[in-house]
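Each remark here refers to the structure printed beneath this line.
The values are calculated or read from the model by the stated rules, or taken from the named source; none is laboratory data. Keep in mind that this is a model prediction, so the values were computed, not measured. A quick note on method: Cβ atoms are made from the backbone with ideal geometry, for glycine too, and the neighbour counts reach across all protein chains shown.
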Amino acid sequence: MTTRTDYSDEEWKNIMAAPIMAGLYVAMAAGSGPIDTLKEASSIAHSLTDLVQKGSANELISAWIDEIKPKEGQAVQMKEVVQVNAKTTAELRSATIDTLQQANAALAKATPDEAAEYKQIVMTISQRVAEAGKEGGFLGIGGTRVSPPETNAMQEIAAAIGTAA
């Protein structure tokens, strides 16, 4: 089992940020309206809250959860974990893929179970974001739960961390 001390500060920064950035990238890729974008962004926070409540026997994931865990009386602070100044979807995509690849490289130190659970978290957050709002349609009628741009983003995310979409 690996712990926080097994990773450099830079490696840990990438491990911390990658799941959240993946969710943000999927949300931005959709090009949704303001209501669906809000639903997608809030699904990241809900996913993180679920992880905090569920916990993990996996030491790497437990350390990650401990750091994203809100301080008493506060919500999960994604802004403290993700520090990227992307102004466009293309910039966010580039920063996200780079962060995911670096996190994946750092996971070479992790046990196979730790790495697999971490990658599952990344993909679960991405999937939950993609399913949070409908794309297309009119006044909530029609549309699709997961748009082609979201599917493409999730495939890129999976490739960057070396897993299946």
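Numerical summary
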| quantity | calculated |
| --- | --- |
| Any chance Ser47 is surrounded by fewer than 18 Cβ atoms within 10 Å (Cβ to Cβ), within 23 Å of Ala95 (Cβ to Cβ) and among the hydroxyl-bearing types (Ser, Thr, Tyr) | no |
| Residue tally, condition surrounded by fewer than 21 Cβ atoms within 10 Å (Cβ to Cβ) and either of a type in the set (A, V, I, L, M) or modelled with pLDDT of 85 or more (or both), over the range 17-41 | 3 |
| Total residues in the range 13-47, condition touching a residue at least 40 places away in the same chain (Cβ under 8 Å) and either among the polar types (S, T, N, Q) or within 17 Å of Ser62 (Cα to Cα) (or both) | 12 |
